[in-house]
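Everything on this sheet refers to the single structure shown next.
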Amino acid sequence: MKNQFIFGYGSLVNQATHDYETSLTARLSGWKRIWRHTETNPVAFLTTEPDVNYDIDGLIIQVAHENPALELREQAYKRADVSHITSHDHPGPTHIHTYTLVRDQHGPASRDRPILLSYLDVVVQGYFREFGEDGVQHFFETTEGWDTPVLDDRADPSYPRHQKLMPNETGLTDSWLAKLSAVVK
């Protein structure tokens with residue numbers, strides 16, 4: 001039987017947000033990250049979509065075939081099989097899915113649905129811990145939608161899996177938002 005993995009490209013990269021034991025760094029070819037929203041969510045969040053001009057780094061996380069907690073966490077998404085386009089160092093045969101939004105069921109992130117800074121901080125912390133500063137740079141460069149406003153909720157985090165960050169980690173987020181001329185409100 002093949003091992004079942006999920007390719008995480010956002011908050012799942014931050015291992016402090018989950019308790020899965022087996023995770024490995026990986027690269028998904030021909031996909032990009034993008035900030036989007038659904039009508040049922042008041043804020044923007046990351047999704048992926050095919051784009052031959054991009055490759056994105058993340059983690060493959062081994063999961064049980066039936067995993068109610070993960071399905072609840074990712075309930076806005078559908079699964080897409082990316083087994084054949086994900087490179088990794090797992091020694092055995094693997095079956096890899098990623099979570100993606102159904103294109104006609106979501107829209108671009110907007111002024112009314114901002115990016116939560118507490119969510120972005122979690123993602124950046126995960127990339128920094130797994131891939132270093134180069135990984136953080138790659139995250140920002142392979143993600144679209146930075147014209148979406150960012151809501152500074154650090155003092156009172158709205159993201160349910162927010163984490164305590166070190167000053168150098170928040171500094172990475174802040175410096176990249178400045179480089180991208182993102183609007184933080």
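The values are calculated or read from the model by the stated rules, or taken from the named source; none is laboratory data. All of these numbers come straight from a predicted model, not from anything done at the bench. All Cβ positions, glycine included, derive from the backbone under ideal geometry; neighbour counts span all protein chains shown.
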Only unsatisfied item for residue 16, checking (1) farther than 21 Å from residue 164 by Cβ; (2) modelled with pLDDT of 90 or more, is (1)
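What number of residues within the range 19-47 are farther than 19 Å from residue 113 by Cβ, in contact (Cβ under 8 Å) with a residue 12 or more places away in the chain and charged (D, E, K, R)? Spell out the reasoning first.
Our first condition is that a residue be farther than 19 Å from residue 113 by Cβ; within the range 19-47, this holds for 19-32.
Okay, now just the ones that are also in contact (Cβ under 8 Å) with a residue 12 or more places away in the chain, so 20-32.
The next check asks that each one be charged (D, E, K, R); those that pass are 21, 27, 32.
Residues flagged as farther than 19 Å from residue 113 by Cβ, in contact (Cβ under 8 Å) with a residue 12 or more places away in the chain and charged (D, E, K, R) within the range 19-47 amount to 3.
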Would it be correct to say that residue 177 is at pLDDT 95 or above and either among the aliphatic types (A, V, I, L, M) or under 15 Å from residue 128 (Cα atoms) (or both)? yes
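Quick test for you: out of 46, 101, pick the one residue that is within 18 Å of the chain's Cα centre (by Cα), at pLDDT 90 or above, surrounded by 13 or more Cβ atoms within 10 Å (Cβ to Cβ) and of a type outside the set (Phe, Trp, Tyr). Let's see the steps before the verdict.
Details: 101 fails: at pLDDT 90 or above.
Checking each option against the conditions leaves just 46.
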Of all the residues that make up the range 1-37, how many are of a type in the set (Phe, Trp, Tyr) and not in a strand (DSSP E or B)? 2
Only residues in the range 149-170 that are under 12 Å from residue 119 (Cα atoms) count as the first member; pair them with residues that are among the hydrophobic types (A, V, I, L, M, F, W, C) and in a loop (DSSP other than H, G, I, E, B), Cβ under 9 angstrom, at least 6 apart or cross-chain, and list the lot. 150/182; 150/183; 151/43; 154/165; 158/43; 159/43
Look through the range 159-170, keep the residues that are loosely packed, with under 14 Cβ neighbours inside 10 Å and within 19 Å of the chain's Cα centre (by Cα), and return whichever of them is modelled with the highest pLDDT. 164
